[in-house]
1. Aspartates and glutamates near B:Lys196 by alpha-carbon distance under 16 Å, same-chain residues fewer than 8 away left out - which ones?
2. Calculate one ³J(HN,Hα) per residue across the stretch B:67-73 by plugging θ = phi - 60° into the Karplus curve 6.51 cos²θ - 1.76 cosθ + 1.60, and present them in order as whole Hz with x for glycine and proline.
3. Of B:Leu173, B:Leu85, B:Leu69, which is the most mobile in a GNM of chain B whose springs link Cα atoms less than 10 angstrom apart?
4. Does chain A come out rounded, prolate or oblate, given a ≥ b ≥ c as the square roots of the eigenvalues of its C-alpha gyration tensor, rounded meaning a/c under 1.5 and, failing that, prolate meaning a/b above b/c?
5. Quick one: what are the phi-derived ³J(HN,Hα) couplings along the stretch B:273-287, Karplus 6.51/-1.76/1.60 with θ = phi - 60°, whole Hz, x for glycine and proline?
6. For the stretch B:161-297, state what percent of all Cα-Cα pairs lands in each successive 10 Å bin, counting from 0 Å until the bin that includes the largest distance.
7. Rounded to the nearest Å, what's the spacing between the alpha carbon centres of the stretch A:249-309 and the stretch B:10-76? Just the number, please.
8. Connecting C-alpha atoms closer than 10 Å in a GNM of chain B, tell me which of B:Gly152, B:Gly224, B:Gly133 has the biggest fluctuation.
Amino acid sequence: MSQIATASTANYYASNRLPSYAVGLLLVIAFVLSWGGFSFLRPEGAEDGVNLPLVGVVTALVFGVLQYVTSLIVEGSRRAIDRTVTLLVTLAFVLAMIPLLSLLYTVVSLGAERFDYDFFNYSMRNVVGEGGGAAHAMAGTFIMTALATLISVPVGLLTSIYLVEYSAGNRLARSITFFVDVMTGIPSIVAGLFAYSLFSLILGPGTRVGIAGAAALSVLMIPIVVRSSEEMLRLVPNELREASYALGVPKWLTIVKVVLPTALAGITTGVMLAIARVMGETAPLLIAAGFSNNFNFNPFSDRMQSLPNFVYYSYVAQGSVPEAYLDRAWAGALTLILIVMALNLGARLVTNIFAPKYGR
Amino acid sequence: MAKPASSPSSTPKVTQRAADRIFAGSARGAGITILVTLAAVTIFLLAEGAPALTADPEDIAILDGQPFLAYVTPLVFGTLWAAALALLMAFPVAVGIALFISHYAPRKIAVPLGYVLDLLAAVPSVVYGLWGGTILAPGMRPLYGWLEENLGFIPLFAGPASGTGRTIFTAALVLAVMVLPIITAVSREVFLQTPKLYEEAALALGATRFEMIRMVVLPGGRAGVISASMLGLGRALGETLAVAMVLSATGVITVNLISSVNPSTIAANVALSFPEASGLNVNALIASGLILFAITLIVNSIARWIINRRKDFSGAN
C-alpha cells in the first residue's frame, strides 16, 4: 500500500499506457516517412507522380511496425499485439471497402450517361449504334420474375406451413428440410440447364421461352422462401395458437387468421429479398429464356430478354459502336442495382413498421 | 351446447372439417412438390447429360475429338482453382470485417455498416462481372507486370504477364469480392452471439481485447465461420457470369496466375458455349453442369455436416 502511495506521482492507472494522441502522431510520422521516401527515391526524370496506392500500403506497414515497437517498449508485448490486431482488423475493413466503393462509384457515374427517357421507353429493335433502350429487357424481367413469384410463393409458403404446423418433425418433414438445403446450393446455371432440358423435352429441342426462365428462377426462389417463412412461422408464439383453439377455431382458420397475419411482415420481407435475389440472376435466363432485341410479352412463345442478360450481351457483343453498347450496359447495371436496393430497403421498412412488437 | 360431452371416458373425437383436410393436404402437397422438383432436376440432367457420355466423341464438336473426361478435367480444375483462390483471399478479410463490425467499430457505425454489407450481398453478379471486366482487369495490369519481373521465378507468377489483365487471378479477385459480404454477414451474426457475460469475464480478468476475442469469441464462432466460408465457396463454385465476363479462357491446366492462358470454369464455359450449341454439344454441356451440381452438393453437405456436428455449441444454425 505504501509503495503505491509513494509511486503514484501522477495517475497510477494511466502509467505504462500510450497517451491517446500517440496513435495519431505515429500515423502522421509513418505517412510523412513513406511520402518523403517515395518523393526522394523517385528515379530521375520519372514523369508520373507519386503512386498514391503504394504510399498508402507503405504507410500502413510503417505505421504497424512503429506502433508495435513503441507499444512494446512502453506497454509490453500483450498490448503491442492487441494494438497490431486492431490495426489488422481495421485494415481488413478498409481493404474490403475499396472494391465495393469502386464498384458503386463506377456503376453510378458511368450508368448515369444513358440513364434517360429513351432507355426506359425503347427496345433494341433495329438499333445498331447509339440510341435504343432496355424497355424490352425490363418488361421481360418483370414478367419472368412475376411468374416465378407466382409459382414460388404458394409452394414455398405452403411447404413452410406444413413443416411448422402439420409435420411434427416426421420423416417427410426431415427429408423436405434436407432437400431444401440441397436446393439452396444448386448453382444458378444448373437451374437454367434443368429448365432448358424440361422444356426441350416438352416443346421440342432448342426451345427458349419466358416460362422456362420463370421455372428456372422458381427452382432458385422456392428454397429461399421456404427457409425464411419457416423461420418466421416458428417465431409465432404458441399461446396465440392455443388461445385460438380454445375458442373453438378450426386449425386451418387458426393458421389463416392468427398465425399468418402475425408472421406476415417477416414473410413479406423474406419474399421481397427472394425477389431481389432472383431478379439479378443472369445465367439461368441466358440458358432457358435466351436473348432478344424485341419486345415479347408472351412468356409461352419465343425468346424473352431480361435486364441482366441485356447488360451481359451489351458487354460481350459490342457492336459497331462499342461505346454506345458499354454505356447501355452500365445504365442497365445501374437500373438493376437500384431495383435490387429498393427491394432490400423496402423489405427492411416492412419489418420495421409492421412487425409485431413483443414486450420491450 | 346444451348437450354434455358424449363420452368423457374415450378420447374426444376431433371433427375433421373438409376445409381442414383440404388445407393440410395442399400444405403436404407443396412439400412433396419440392421433393419431386429436386428429383426432376436430377433426372432431367441425367437424361440429357447421358448421351454425351455414351456417344462417340468424334460426333460432339466442342469435345474436339477427345473423350468427355479429357474435356471436362481442365474445367473442373479451373472451377476448384478459382474458387479456392477466391476463398483464400476473402476468408481472412471477411473474418476481419466481421470482427470489426461486431467488436471494434462503435455501435453507431456498426449497424449501418451491416446494412451496407447486406445490400452488397444482393448486387447481381452481372454487375460484378461488368466492373471486373472493364475496371478491375485493366487496373491489375501494372501489378502483373511487376509480379512477372520480380517474382517470375515462382511458378504462380511465371508469366508472360497478360496484356489485358483478364487472368484467373482477376477472376478470383472478383469472386472474392462477391463472396466477401456473404461470409461476413454470417460470421458477424455468429460473433455477435457470443455470451456477453463471457466477454466481460475475460476483460475483467485483465485480458486485452484481442485476448478476449481469441479465447472467447473465436472458439464459440469457429463452426459458424467455417460453414459461412463453405457457403461462400459454394457460391464461388457456381458463379457464372462474373467469371465468363472477366476471364479469357483457353481450357488448359496451369497454376500460372498472371498469364493470358487460363483454365476456364464449368459454369463460365456453359454460359459462353450454350447459346451457340446444338445437338450433342448441348448434352455435353449439360453433363458438365451435372458435375458442377455434384461438386457444389458435396461442398454444401460438408458445410451442413459441420454445422450439425457443432449445433449444440454455437448459434450457427
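1. Once the sequence-local aspartates and glutamates are set aside, what remains near B:Lys196 is B:Glu211.
2. After applying 6.51 cos²θ - 1.76 cosθ + 1.60, I find x, 4, 4, 5, 6, 8, 4 Hz.
3. Of the options given, B:Leu69 has the highest mean-square fluctuation.
4. Here chain A falls in the oblate category.
5. Calculated HN-Hα couplings, in order: 8, 5, x, 9, 7, 8, x, 5, 4, 4, 4, 4, 5, 5, 4 Hz.
6. Answer for the stretch B:161-297: a P(r) of 11, 28, 25, 17, 12, 6, 1, 0 percent.
7. 20
8. B:Gly152
No lab work stands behind these numbers, since they all come straight from the coordinates. Just so it is clear, the structure is predicted and the values come from calculations on it, not from any experiment. Virtual Cβ from ideal backbone geometry, glycine too; neighbours counted across all protein chains shown.
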